[in-house]
Each structure stands twice: as structure tokens, then as C-alpha cells.
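Enquirer: Shown below is the structure under consideration.
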Amino acid sequence: MKSSRFNVVSEHPKTGETILFNTLYGSITVWDKSGFRMVKQLLDKPDTIINDKVIKIIMSHLVDGKYIINDDVDEIKVVENRKILGMKDENRLDVIIMPNMTCNFACPYCYESHIPSSFMSDETDEAIKRWLVDQVPKFKVLILNWFGGEPLLSFERIISIGKFVKDICNNHDIGFMTNITTNGYLFNEQRIKELIAIGIFSYQITVDGPPEIHNKTRILRDGKDSFRKIFENILLLVRANKKVRISLRVNFNHNNIYAIPELLKLFPEDIRPSLSVVYEPIFGKKCFSATKNISSEEISSKIVDYYHLAQQMGYDVTLESIGIGKLVYCYAERENQFIINYNGDVFKCSVGFNPEERFGYLSSEGRVILNEKQWNKWFRMDLFEQKCYSCKFLPLCMGGCRKTRIENANTGSFCSLVPTNTSFALKAVAFDKFEEILQNQYNVYVQ
Ligand code: SF4
Ligand code: SF4
């Protein structure tokens, strides 16, 4: 027998108890001091011959939880296989469509370069539909995300393509999940009805704080405030259909992090269960950056507190969970994932849409013509960096951001759990708050 290489031990600073967590299998146990002394001995020497009844029970618990495993189990192979499975998954097609690359907002921290006239043409719309007719029936599930720019500036386009693709899925009995990331300004009752009719029940909308805070960063292009309209639209959306779920995103930095509790108080209690709160640190320039202006300890302690507060207030806090069994770091690692830009350019990663970063383009016949060099650069890298092979968090992280890995090749500075697409729990790991998350998520005690 041997100890799993993915056991994480963490002492709770307040209670002195020890949390034993396995990042590969998700097993977790909390031990008091004397219990953990025996656990530690067994983990250090799993082949010890045991006569004592209590130690036998503890050993059997450690084997059940796979903290101690058979010598022939190759845990690295298990993780590698998971990753290959995720990258080559032939069951699901992930598509992000950007119907434009312009916006009615002028948020000072936005990283996108907007182009005022960048709207999808009828030709690209037709090419997308041809591609979808050809591709979608090959899969069991289609996951379609609308992104921009501000996608609702292209409302008719969304309805047209959305209805088209929903019909393909219905006709071929293919699972269909669709959602939209929007600033939340351009809704009205009629639009909400039409979006729900094409199956969009999932919305991501950003609100950066109560009105006086939000209106400083989420500014309309003409300089006007946006809070009131967005707030009313969120109420309209949630009350339009009980299946609607909104991911309420708060982009925070040193200027607004303390205002999050005020924001949470504003939404009426009846809609809170439909709002899933997500706090995201702002990156980029020093004057906007959360991480360059607030210590990671303070960020971690605040976001942990604010997630708990949101939960107590009746919000949906699903991001609190630790994702066990993750297959890839982010969607861009999946081979059957494509971002189609308004002009038919094809990308993998949603951070950066420079022409030189494109992976190919959509031809007018509806075929994705790939740039093989770019594709190979993205996929023919090692599954994991050397450093990841000795990292206990590998099964939770799955190797870090591929874009950063390429950009920072061989510099060893690719490991950044925080920036994008990470759950609250992973951020907490990055910010050294792991034990609090575990303690709150599970309550498993062994006497
Ligand atoms: S990217 Fe960092 S956290 Fe993720 S597995 Fe690699 S070393 Fe670990
Ligand atoms: S920046 Fe990294 S994590 Fe984000 S979408 Fe691109 S590859 Fe994925």
C-alpha cells in the first residue's frame, strides 16, 4: 500500500482540527489532534502491521477514502486520462458566437478593443448556419454561448441563429444548453420573451455595486448611468420564467469590494435564489487591478465572507463547491470548442481577438478552415508542465491556462489559478484559504 500523492493536509487555524482532503477523489475528513496523530503515522507508513482495533478502523477509513491506495495504482495516469478524455470529448460541441465586437458601455477597466461597425453580416450568419447543420448532428450535446462586445446589440441575429440551432437540436434529439453574457441593459419584456423562447434561461450580468459605485465603472457610452435599468431588467428576467438563472457578477477591486454587502441588500428576497453571485477580481492596469491594490489575504478573507453572506441572504452560491473530477482547465482545451467572431474568424480562447491569434475562419460554404500551425501550437504541447506533476492541486486545476503557458513558455510563471474561469474554491486555494472552504463545504468528522 502507499499514500495517495494527492492528499492535502490543512490545519484549521481556529479549531486546531486537521482536514485531510484528497484532490483526486474528493474524499475529506476532519480529525481532532489525537486522531490525526494516528492518521499521520499510517499515511507515513501505510504498510504498518496493525493489531490495535481503533487503528484498524482508521486504516479502513483511509483505504475507503483512497488516502491510502494499492501500490499498482498510477494516479498520474488517472489525471492524464481525465485530461485526454476532456480534450478529445466527442460528445459535446462547445460554440461561442460573438455577433458583434462593439458595446453600448465604456467601462474603464474593459480589456476588449471595440470596433464600432463590427456587426455580423448576413453572409457570416448563413455560413454559421451551414456549419451548424453539418456539425451539430455529430454530437450528443450542443453548448452555445452568446458573447461580445455586447451581444444584445445584435438581438435579431441572436434570435435568428438561436431558433435555427434549437430546431436542429430538436429534430436530431440533441441536448441543447445555451446562455448569454451581457451587460444587462438592452432587455425589455418582449425581448425577454423571445430569448426564453429560443431556450436562453441562463444569463450572466455584471453589477459592480450599489448605484453610486456601479455607475462609476459601468458607464454608458454617452456617459449616462446604467444601474437602474440593469436592476429593473434583472427583476423582469427572473420574474418572467421560473427557469431563469442569472449569474450576478461583481468585478471588484479596492474601490468597490467593501460595497458588496450593500449591493446584496438591494435585491428583493424572492428573486435571490435565482441569482448566483460571482465575485471576480479586476486585473490589468495598476489603477484598476484588485490584486495590485489589495493583499491576497484580504481578498481571500473578504470573498470568503461575502460568499457566506450571500448564502445566508438567500442567494445561490454554487461556485463555492470544489469541482472534483474536472477534465480540462478551461473550455479552450477542448478540441470540439470554437469561438466564432462576428466576421467569421475562429478562435479558441476568449481573451484576445487579434487577427494573428485566430485559429482559422469560417468559409462561406460553412466549413471551418483551420490554421494548422496555430492549432498545433495550441494542442501539441505537453499535457501538463513539469511543475504540475508535483502539484497536489493538479486534479482540481488540470494544469493552468493554456494561453499563459504558451506566452510564458519555460519561464515557470504559468501557474495562475486566479485570472479566469476558476471557481471560487480554486481562487480560495490560490489565496491560501483552502481550509475555510473545506470546513464550510463539508462537515465530516471521524470520532
Ligand atoms: S497550474 Fe499551478 S496549481 Fe495548476 S496544477 Fe500546475 S502547478 Fe498546480
Ligand atoms: S485565457 Fe486561459 S483560461 Fe482564459 S479562456 Fe484563454 S486559455 Fe482559457
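Condition check ((1) of a type in the set (D, E, K, R); (2) in contact (Cβ under 8 Å) with a residue 40 or more places away in the chain) across all residues:
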{"position": "Ile159", "(1), (2)": "no, no"}
{"position": "Cys169", "(1), (2)": "no, no"}
{"position": "Lys216", "(1), (2)": "yes, no"}
{"position": "Leu220", "(1), (2)": "no, yes"}
{"position": "Phe231", "(1), (2)": "no, no"}
{"position": "Leu237", "(1), (2)": "no, yes"}
{"position": "Phe252", "(1), (2)": "no, yes"}
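Enquirer: Check Phe384 against each of (1) surrounded by 14 or more Cβ atoms within 10 Å (Cβ to Cβ); (2) out of contact with any strand residue (DSSP E or B) (no Cβ under 8 Å at 6 or more places or on another chain); (3) not in a loop (DSSP other than H, G, I, E, B) and name the one condition it does not meet.
Expert: Every listed condition holds for Phe384 apart from (3).
Enquirer: Does any residue of the stretch 136-146 turn out to be under 23 Å from the mean Cα position of the chain (by Cα) and not hydrophobic (A, V, I, L, M, F, W, C)? Write out each step before concluding.
Expert: Residues of the stretch 136-146 that are under 23 Å from the mean Cα position of the chain (by Cα), as a first pass: 139-146.
Retained after the next criterion (residues that are not hydrophobic (A, V, I, L, M, F, W, C)): 140, 145.
Yes, that holds for at least one residue.
Enquirer: I would also like to ask the following. So which residues in the stretch 106-134 are touching a Lys or Arg at 6+ places or on another chain (Cβ under 8 Å) and crowded, with 18+ Cβ neighbours inside 10 Å?
Expert: Those that are touching a Lys or Arg at 6+ places or on another chain (Cβ under 8 Å) and crowded, with 18+ Cβ neighbours inside 10 Å: Cys107, Met120, Asp125, Trp131.
Enquirer: Further, regarding this structure: Considering only residues that are free of Cβ contacts under 8 Å to residues at least 40 places away in the same chain, of a type outside the set (S, T, N, Q) and either surrounded by fewer than 20 Cβ atoms within 10 Å (Cβ to Cβ) or under 15 Å from Cys107 (Cα atoms) (or both), which ones fall in the stretch 181-210?
Expert: Across the stretch 181-210, the qualifying residues are Arg191, Glu194, Ala197, Gly199.
Enquirer: Would you check which residues across the stretch 333-357 are at pLDDT below 95 and either within 9 Å of ligand 2 (Cβ to nearest atom) or closer than 18 Å to Arg380 by Cβ (or both) and list them? Explain how you work it out, then say what you get.
Expert: Within the stretch 333-357, the subset at pLDDT below 95 is 349-357.
Within the stretch 333-357, Cys349, Ser350, Val351, Gly352, Glu357 meet the criteria.
Enquirer: Sticking with this one: Given Ile324, Ile339, Ile406, which one is assigned to a loop (DSSP other than H, G, I, E, B), away from ligand 1 (no atom under 13 Å from the Cβ) and within 24 Å of the chain's Cα centre (by Cα)?
Expert: Details: Ile339 fails: assigned to a loop (DSSP other than H, G, I, E, B); Ile406 fails: assigned to a loop (DSSP other than H, G, I, E, B).
Being assigned to a loop (DSSP other than H, G, I, E, B), away from ligand 1 (no atom under 13 Å from the Cβ) and within 24 Å of the chain's Cα centre (by Cα) holds for just one of Ile324, Ile339, Ile406, which is Ile324.
Enquirer: Same structure again: Consider the stretch 222-263. How many of its residues are aliphatic (A, V, I, L, M) and in contact with a Phe, Trp or Tyr (Cβ under 7 Å, 6 or more places away or on another chain)? Give the derivation first.
Expert: Our first condition is that a residue be aliphatic (A, V, I, L, M); within the stretch 222-263, this holds for 230, 234-238, 240, 244, 246, 248, 250, 257, 259-260, 263.
This time we only want the ones that are in contact with a Phe, Trp or Tyr (Cβ under 7 Å, 6 or more places away or on another chain), so: 230, 236-237, 244, 246, 250, 260.
Final tally of qualifying residues: 7.
Enquirer: Let me ask something else about it. Please work out which residue is nearest to Met381 (Cα to Cα), limiting yourself to the stretch 41-90 and to residues that are touching a residue at least 24 places away in the same chain (Cβ under 8 Å) and small (Gly, Ala, Ser).
Expert: Gly86
Enquirer: Do we find that Phe227 is free of Cβ contacts under 8 Å to residues at least 24 places away in the same chain, surrounded by 17 or more Cβ atoms within 10 Å (Cβ to Cβ) and under 24 Å from Tyr307 (Cβ atoms) in this structure?
Expert: Numbers: free of Cβ contacts under 8 Å to residues at least 24 places away in the same chain: yes; surrounded by 17 or more Cβ atoms within 10 Å (Cβ to Cβ): yes; under 24 Å from Tyr307 (Cβ atoms): yes.
So Phe227 passes the test.
Enquirer: Pairs needed: first member in the stretch 394-405, in contact (Cβ under 8 Å) with a residue 40 or more places away in the chain; second member anywhere, of a type in the set (D, E, K, R) and within 11 Å of ligand 2 (Cβ to nearest atom); C-beta distance under 7 Å; at least 6 residues apart or different chains.
Expert: What qualifies is Arg402/Glu333.
Enquirer: Right, next: For Lys265, all conditions in the list (1) out of contact with any Ser or Thr (no Cβ under 8 Å at 6 or more places or on another chain); (2) part of a loop (DSSP other than H, G, I, E, B) hold save one; what is the number of the exception?
Expert: All conditions are met except number (2).
Enquirer: Restricting the search to the stretch 351-370, which residues are over 24 Å from Leu394 (Cβ atoms) and assigned to a loop (DSSP other than H, G, I, E, B)?
Expert: Our first condition is that a residue be over 24 Å from Leu394 (Cβ atoms); within the stretch 351-370, this holds for 352-370.
The answer is Gly352, Phe353, Asn354, Arg358, Phe359, Ser363, Ser364, Glu365, Gly366, Arg367.
Enquirer: Let me confirm something: among Lys373, Lys377, Lys392, which residue is under 30 Å from Ser4 (Cβ atoms), charged (D, E, K, R) and surrounded by fewer than 19 Cβ atoms within 10 Å (Cβ to Cβ)? It would help to see each step written out before you state the result.
Expert: On the way: Lys373 fails: under 30 Å from Ser4 (Cβ atoms); Lys377 fails: under 30 Å from Ser4 (Cβ atoms).
Of Lys373, Lys377, Lys392, the one residue that is under 30 Å from Ser4 (Cβ atoms), charged (D, E, K, R) and surrounded by fewer than 19 Cβ atoms within 10 Å (Cβ to Cβ) is Lys392.
Enquirer: If Lys285 satisfies all but one of (1) in contact with a strand residue (DSSP E or B) (Cβ under 8 Å, 6 or more places away or on another chain); (2) modelled with pLDDT under 85; (3) more than 16 Å from ligand 2 (Cβ to nearest atom); (4) under 17 Å from Glu112 (Cα atoms), what's the number of the condition it fails?
Expert: (1) is the only condition that Lys285 fails.
Enquirer: Follow-up question, since we're still on this one. Any idea which of Arg380, Arg334 is under 23 Å from Glu90 (Cβ atoms) and within 17 Å of the chain's Cα centre (by Cα)? Before you say what the answer is, go through the steps one by one.
Expert: Values: Arg380 fails: within 17 Å of the chain's Cα centre (by Cα).
Exactly one of Arg380, Arg334 is under 23 Å from Glu90 (Cβ atoms) and within 17 Å of the chain's Cα centre (by Cα), namely Arg334.
The values are calculated or read from the model by the stated rules, or taken from the named source; none is laboratory data. Quantities reported herein were computed from a predicted structural model and do not represent experimental measurements. Neighbour counts run over all protein chains shown; Cβ positions are idealised from the backbone, glycine included.
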